[in-house]
Each structure stands twice: as structure tokens, then as C-alpha cells.
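Participant: Okay, handing you the structure first.
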Amino acid sequence: MAKVVRIYETGGPDVLRFENATVGEPGPGEVRVRHVAVGLNFADTYFRSGLYKVPLPSSIGNEAAGVIEAVGSGVTHLAVGDRVTYTGFTPTLGAYSTDRLISADPLIKLPEAISCEVAAAMTMRGLSAAYLMRRIYPFKAGDTILLHAAAGGAGLILSQWAKLLGLTVIGTVSTDAKAEVARAHGCDHTINYSHEDVAKRVRELTDGVGVSVVFDSVGKDTFMSSLDSLKRRGLLVCVGFASGAVPAFDPAILARKGSAYLTRPGLADYIADPAEKAELVDELFGHVAAGRIRIDINRRYALEDAVQAHRDLEARKIVGSSIFAI
């Protein structure tokens, strides 16, 4: 019997329910996947809390890796026994499960050099890092960026990728221990926001100029300090809302902050085109397979421990990437 984590109402971690599930045979264009590992992402908490709306009841989770056990009609590019990974949002919702049916379209075949556990720890974060590094801004060697949550799973990948491009990375963290991890993954400077003024410290580190780009996954609590950290005509990239949604603001503030630019991108729009998705996947997998980008799995949870996993996630107890090991 397959297992699944569902929500019947939105709220805190306690709304997660671990249940039995029946998985049938794949229909046209579908496959049945036996998961080996499921990604644990902060975005999962947005679906659980209701920040991202889904019809209820619903399973959650948008990232997993496993082995194809059955193939529906019309699927020609995948076969039984193939190892695959996937990410996305609406098309892939339901990753918190041991087995599932899923459209073959979003599935990515894994090369031999990448395990299912590593894939589940990096597909969403890694592809996000790929488009943020390769599509959002015309980076050139010597540019400086500010990266919030630098010791998180996405932050560690972004830092390493930024160093491959010759960028200077300033990362924010909440503890000295996380600062050590961030520096070990490429951060040139760390700022402990628990007791340091982020924007002031950024100005000190950049001789008063500010940074070219801020990657802000925190949201409400960091929005103004992110704007204050930008150089003239710099770019603020809002990539998450860990502390809550950014409050409404007058766009004129962007002019007052040096004619700053602001974007709120979504991964789905950068992997919607199959050719662009393949290009980003190839670059990401190439870096990981060659060891240029290291994926560290910090914690492995059982799927039935999803409640505790979400509590740890929201309490900022997790450094780097964590997964559900099936």
C-alpha cells in the first residue's frame, strides 16, 4: 500500500496527515513512479499554510526522484526502470508520497553520476539557482551580490554557482555556525542579521556603493534592507517569503532607492520551454556531476515525520538541503 501526506485544511504543521493511498495504472501520457527520495522545501509550507492556494484535500510537495515502474500509452521517451526527477508547482504537486501517478512531461532522466537522493535535494533549488544565475541579470566577473539565507539549500548552491562566475558573494545568516557553512560554500563575507545591520554592513563591504543584485527569499522582514543594500540601478530579486509576504508599497520608492529594479520570478516560467529547461538542466547536472557544485544533504526524514520536518524547517533548524528518504 502506498503512503501519502495530505492536507484537509490549511494551517500549521499539525494539519499534515500521513495516510494510505491506492495508486492505479498510468493513463495516456502518464507514468507510475516509486519515489526513492522527496525534496523538503520551504515552498511546501506555503501550500500547507494557505499562502499558495490549492483545492482541498490535497497532497503537497513539488520535488522528488525515483524509478519508473509503469508507463502509460503515448509515452515514448521514458521506460520502466528509468531513474527520474521532477519539480514544478501545479503539474507536480503531490510529491509527498511513496508512489504516484504523474504526467511524463515534467520528468527529467537522471544521469548515472547523480543519485536519487541528491536529485531530490537539488532539482528545485538547483534549477532555481540555474535561472537566477543565468537568466535574471547579465553578470560579469567582479560583480557583488547579496544573498539572504545563505546557509539554506538554495543559498549554498547559489553561492557556489556565483563563484564559478567570478562574483563576490555577501551572505546573510542567523548564527555563527551557519556563517561557517556559508563561507565553506563560497560566501566571501557573511552578515549575522541577528545582531548586525545588513544594509549598513553591505555599504561598508562595498565602499559605499552597494551590490548589483540582492536575492531575497525572506520577504517582509528584509524587503527594505534589501533595497537599501542595492547600488544605483541595482536589481532586487524577490524569490520567497519565509517571513511573510512583502507589504504593499508605493513604486516611487524604487526611484528614491536609486532607480532600483524589482522582480518576483517563478521557476515555472523558466522551465516552461523544453529547450530552455534542457539547457538549464544540462548545465546544473554538469556542475554537480563534475563536483563544481556540491550538494550536502543535512537531514533525512521519514515521510511519516513530515510534521516534525515542517517544524524544523520553520524554526530555521535546517542547514543546506534535507529530504524525505523513502
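Since every read-out is calculated from the coordinates, none of them should be taken as a lab result. These numbers come from a predicted model, not from an experiment. Note: ideal-geometry Cβ built from the backbone for every residue, glycine included; neighbour counts use all protein chains shown.
Participant: How far, in nm, would the chain grow between residue 275 and residue 175 when pulled straight, counting 0.36 nm per residue and subtracting the alpha carbon separation?
Facilitator: Taking 0.36 nm per residue and subtracting the Cα distance, the gain is 32.0 nm.
Participant: Another question, if that's okay. Would you kindly derive the ³J(HN,Hα) couplings of the stretch 100-107 from the backbone phi angles with the Karplus curve 6.51 cos²θ - 1.76 cosθ + 1.60 (θ = phi - 60°), listing them in order in whole Hz, with x for Gly and Pro?
Facilitator: 6, 9, 8, 4, 6, 4, x, 6
Participant: Now a separate question. Between the helical axis of 116-134 and the dominant principal axis of the chain, each derived from Cα atoms, what acute angle in degrees is found, rounded to the nearest 10?
Facilitator: So the helix axis and the longest Cα principal axis differ by about 40 degrees.
Participant: Using the alpha carbons of the stretch 143-271, what is the convex hull volume per residue in cubic angstrom, as a whole number?
Facilitator: Cα-based convex hull of the stretch 143-271, divided per residue, equals 107 Å³.
Participant: Another question, if that's okay. For the residue pair residue 49 and residue 8, what label-to-label distance in nm results when each label sits 7 Å from Cα along the Cα-to-beta-carbon direction?
Facilitator: 2.4
Participant: Can I ask one more? Please state, as a whole number in µm²/s, the translational diffusion coefficient that the Stokes-Einstein equation yields for the stretch 261-301 at 10 °C and 1.306 mPa s, with Rh defined as the Kirkwood radius across alpha carbon pairs.
Facilitator: It diffuses with D of about 127 µm²/s by this estimate.
Participant: Next up: Across 5 Å bins from the origin, how do the percents of Cα pairs in the stretch 47-172 run, short distances first?
Facilitator: Computed distribution, short to long bins: 2, 9, 17, 17, 16, 14, 12, 7, 4, 1, 0.
Participant: In units of 2.2 N^0.38 Å, what is the alpha-carbon radius of gyration of the chain?
Facilitator: With N residues counted in the chain, Rg over 2.2 N^0.38 Å equals 1.00.
Participant: Under a 5 Å amide H to amide H cut-off, with H placed in plane at 1.01 Å, what residues pair with residue 190 once short-range neighbours are removed?
Facilitator: 171
Participant: If you count the DSSP beta bridges with both ends in the stretch 39-173, what percent of them are antiparallel, to the nearest 5?
Facilitator: 65
Participant: Tell me the angle of helix 153-164 to the major Cα principal axis of the chain, expressed in degrees between 0 and 90 and rounded to the nearest ten.
Facilitator: For helix 153-164, the angle is close to 60 degrees.
Participant: Considering only Cα-Cα distances, which of the following residue pairs are longer than 21 Å: 3/109; 200/220; 53/317?
Facilitator: Beyond 21 Å between Cα atoms: 3/109; 53/317.
Participant: Here's a follow-up. Show me the ranking of peptides 104-116, 207-219 by mean Cβ neighbours inside 10 Å, starting with the highest.
Facilitator: In decreasing order of mean packing, 104-116, 207-219 become 207-219, 104-116.
Participant: Suppose every K and R has +1 on its Cβ and every D and E has -1 on its Cβ; what is the size of the dipole of the chain about the Cα centre, in Debye to the nearest 20?
Facilitator: 640
Participant: Let me ask something additional. Based solely on its DSSP helices, what 222 nm [θ] is calculated for the chain when runs of n ≥ 4 H residues each add -39,500 (n - 2.57) and the sum is averaged over all residues, nearest 500 deg cm²/dmol?
Facilitator: Rounded to the nearest 500, the figure is -8500 deg cm²/dmol.
Participant: If we sort 38-48, 289-299 on the protection proxy, mean other Cβ atoms within 10 Å, highest first, what's the order?
Facilitator: Ranked from most to least packed, the peptides come out as 38-48, 289-299.
Participant: For the peptides 152-159, 261-268, what is the packing order when you average, over each peptide's residues, the other Cβ atoms within 10 Å and list the highest mean first?
Facilitator: Peptide ranking by packing, descending: 152-159, 261-268.
Participant: Can you tell me what the convex hull of the Cα atoms of the stretch 205-326 projects to on average, as an area in nm²?
Facilitator: 10.7
Participant: Put +1 on the Cβ of every Lys and Arg and -1 on every Asp and Glu Cβ in the chain; which of 8, 315, 107 then has its Cα farthest towards the positive end of the dipole?
Facilitator: Value: 315.
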